[in-house]
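**Student:** Dropping the structure in here first, questions after.
The values are calculated or read from the model by the stated rules, or taken from the named source; none is laboratory data. Predicted model only: the values in this text are computed from it and were never measured. Reconstructed Cβ throughout: ideal geometry from the backbone, glycine too, with neighbour counts over all protein chains shown. When the accessible area is computed, the model is the full protein with side chains, heavy atoms only, and any ligands, DNA or RNA have been set aside. Shrake-Rupley method; radii C 1.70, N 1.55, O 1.52, S 1.80 Å.
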Amino acid sequence: VHVSYVLFQECSKKQKNDDTQSTSVDALSSNDGFEEKNEFHTLANAKILLSDCLACDNCMTSEEGARVFQQNQKELFRILNLNKKCDTSKHKVLAVSICPQSLPYFAAKFSLSVNDAAKRLCGFLKSLGVHYVFDTTIAADFSILESQREFVQRYQRRNQEEHALPMFASACPGWIRYAERVLTNLVTSHICTAKSPQQIMGSLVKGYFARQQNLSPDKIFHVIVAPCYDKKLEALREDFYTALYNSQEVDCVLTSGEIVQIMEQKNVSMKDVAEVAVDSLFDEIKEGDVVRHDGKRSDGYLEHIFKHAAKELFGMDVKEITYKALKNKDFQEVTLEKDGETVLRFAAAYGFRNIQNMVLKLKKGKFLYHFVEVLACPGGCLNGKGQAQTEDGKPDKALLNQMEEVYAAIPVRLPETNIHVQKMYQDWLEGMDSKKVQETLHTKYSAVNQTASNLDIKW
């Protein structure tokens, strides 16, 4: 089957007023049959541009484009309206999962504590007709634990397998898409196979939770609230689709900013919304206070994997990690020394300039790192384009600083200490080394063959 690609000769970081390159949601998504009048019929005419959505791409298929732009507020309201009709056979259980890096945005924007922001956001979503609101921190627990184990295994095989090391983090969809579409097998074989927290959450909701509720996965409509637009594209990956139920693990991704647009549309302030405790995946339990992982601006893969590897491989307990900034604050290094020798060398590379420099070193054979936490956005996930931007598309530095302070103040919980995770490994996943763990928590990243892979990309 021949697939035609929409090509962009320059990086999609083009100005939003370039009409020849910027395709709006209205042009690609019509939501047939939705235009009837109902309580959700008025919507902000927000436009999602390719420059927002693809921080890393110079191409995508027209089909992908159409499906990405269907992931907007109208799609959420389409399900809400279906649930208000009498035909119960078409009703869906609506579940919304919120990323930890989105909560500081709501807290900073509305001058709330992060715990109040979580409860008020839950209250607002439930006032719309959402049935369940979850926190994706538990999915990040699984992702980090699987990444830790994979790194130790790769390190132990480093002399037998050419592509065992370095290992690159797999949580950022912008980085993954760039690696698959542009960097080819030079890089993809080095990417950790653990799914991102978003997609593990998809497995938890459409797998574990659906079974607990005695629901078919296609009867659940699962929405993720995330900091960036690239997450919309990640949700469409074929490996995150279950043919048996004709169901994606994640049906729709809305950015934090898109949720605020809904609030503005309905003239609702977060401060006026009732506080409702966030739901748990486990029976009738409610979530307690918000927790996070190590790492100041991300899910903390570097810190967790570094400490785990130090203990497992060298018997060393690392309490505090010291970052050494190299060319800039978005490229930092962490090392472990034993008996005067550097035995572990990790790095954090945020933003595409740093990613390009990193890949250049890999191509030249001058790569010293065992693991790199790679994120497409300068400043990390908190600086996602779906929440930390001003109206003219520039980073809102003041808001970002507030968000970083809020995030840093959230208590850290080690994924190893989550008793629910340990129980699910045994009861649901049939043990930590089972085939089901590989099928449920891992995926495969590989180069995508396309005519545009050699285009000159200008950053």
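**Student:** Can you tell me which residue in the stretch 83-115 is nearest to the chain's Cα centre (by Cα), limited to those that are more than 21 Å from Gln261 (Cβ to Cβ) and assigned to a helix (DSSP H, G or I)?
**Tutor:** Going through the qualifying residues, I end up with Val114.
**Student:** Let me ask you something else. Return the pair list, or none, for Cβ contacts closer than 6 Å from residues in the stretch 260-277 that are of a type in the set (Asp, Glu) to residues that are open to solvent by 50 Å² or more (accessible area, probe 1.4 Å), at least 6 apart or on different chains.
**Tutor:** Final answer for the pair search is Glu275/Lys119.
Yes/no per residue for (1) touching a residue at least 24 places away in the same chain (Cβ under 8 Å); (2) open to solvent by 10 Å² or more (accessible area, probe 1.4 Å); (3) in contact with a strand residue (DSSP E or B) (Cβ under 9 Å, 6 or more places away or on another chain); (4) not hydroxyl-bearing (Ser, Thr, Tyr):
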residue	(1), (2), (3), (4)
Lys195	yes, no, yes, yes
Lys206	yes, yes, yes, yes
Leu233	yes, yes, yes, yes
Asp239	yes, yes, no, yes
Cys252	yes, no, yes, yes
Gly257	yes, yes, yes, yes
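**Student:** If you don't mind, there's one more thing I want to ask. Which of the numbered conditions does Ile220 fail, given that it passes all the others? Conditions: (1) touching a residue at least 24 places away in the same chain (Cβ under 8 Å); (2) open to solvent by 60 Å² or more (accessible area, probe 1.4 Å).
**Tutor:** (2)
**Student:** Among the candidates Glu391, Glu430, Glu373, Glu416, which residue alone is in contact (Cβ under 8 Å) with a residue 60 or more places away in the chain, farther than 22 Å from Ile191 by Cβ and acidic (Asp, Glu)?
**Tutor:** Glu416
**Student:** Could you tell me how many of the residues in the stretch 117-166 are surrounded by fewer than 24 Cβ atoms within 10 Å (Cβ to Cβ), under 19 Å from the mean Cα position of the chain (by Cα) and farther than 21 Å from Tyr208 by Cα?
**Tutor:** Final tally of qualifying residues: 1.
**Student:** For the stretch 189-285, please list each of the helices (runs of 4 or more DSSP H) lying entirely inside it that holds at least 2 residues being closer than 25 Å to Ala447 by Cα. Steps first, answer last, please.
**Tutor:** Working: elements: 197-203, 230-234, 256-265.
Per the criteria, 197-203, 230-234.
**Student:** Further, regarding this structure: Gly288 fails exactly one of the following numbered conditions: (1) open to solvent by 60 Å² or more (accessible area, probe 1.4 Å); (2) outside the structural domain of Ala169 (by the TED database); (3) more than 25 Å from Asp396 (Cα to Cα); (4) more than 17 Å from the chain's Cα centre (by Cα). What is the number of that condition?
**Tutor:** In the conditions (1) open to solvent by 60 Å² or more (accessible area, probe 1.4 Å); (2) outside the structural domain of Ala169 (by the TED database); (3) more than 25 Å from Asp396 (Cα to Cα); (4) more than 17 Å from the chain's Cα centre (by Cα), Gly288 misses (1) alone.
**Student:** When you look at Glu146, is it in contact with a helix residue (DSSP H, G or I) (Cβ under 7 Å, 6 or more places away or on another chain), among the acidic types (Asp, Glu) and over 18 Å from Leu362 (Cβ atoms), yes or no? Full working, then the answer.
**Tutor:** Working: in contact with a helix residue (DSSP H, G or I) (Cβ under 7 Å, 6 or more places away or on another chain): yes; among the acidic types (Asp, Glu): yes; over 18 Å from Leu362 (Cβ atoms): yes.
Judged against the criteria, Glu146 is a match.
**Student:** Same structure again: So Ser113 clears everything in (1) under 30 Å from Leu344 (Cα atoms); (2) open to solvent by 10 Å² or more (accessible area, probe 1.4 Å) except one condition, right? Which one?
**Tutor:** (1)
Yes or no, residue by residue, for (1) open to solvent by 50 Å² or more (accessible area, probe 1.4 Å); (2) assigned by the TED database to the domain that holds Gly174; (3) farther than 16 Å from Ser298 by Cα:
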residue	(1), (2), (3)
Leu326	yes, yes, yes
Lys329	yes, yes, no
Ala349	no, yes, no
Val359	no, yes, yes
Leu368	yes, yes, yes
Cys377	no, yes, no
Leu399	no, yes, yes
Val406	no, yes, no
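**Student:** Restricting attention to the stretch 314-328, which residues are part of a strand (DSSP E or B) and at pLDDT 90 or above?
**Tutor:** Filtering the stretch 314-328 down to residues part of a strand (DSSP E or B) leaves 324-325.
Within the stretch 314-328, Lys324 is the sole residue that qualifies.
**Student:** Something else now. Run Asn83 past the list (1) open to solvent by less than 30 Å² (accessible area, probe 1.4 Å); (2) touching a Gly at 6+ places or on another chain (Cβ under 8 Å) and report the number of the one that doesn't hold.
**Tutor:** It is condition (1) that Asn83 fails.
**Student:** Restricting attention to the stretch 251-296, which residues are of a type in the set (Asp, Glu) and at pLDDT below 90? It would help to see each step written out before you state the result.
**Tutor:** Narrowing the stretch 251-296 to residues of a type in the set (Asp, Glu): 251, 258, 264, 272, 275, 279, 283-284, 287, 289, 294.
Asp272, Asp283, Glu284, Glu287, Asp294 - these are the residues of the stretch 251-296 that are of a type in the set (Asp, Glu) and at pLDDT below 90.
**Student:** Could you identify the single residue in Ala117, Ala107, Ala140 that is in contact with a Leu (Cβ under 6 Å, 6 or more places away or on another chain) and modelled with pLDDT of 95 or more? Break it down stepwise before answering.
**Tutor:** Working: Ala107 fails: in contact with a Leu (Cβ under 6 Å, 6 or more places away or on another chain); Ala140 fails: in contact with a Leu (Cβ under 6 Å, 6 or more places away or on another chain).
Every option except Ala117 fails the conditions.
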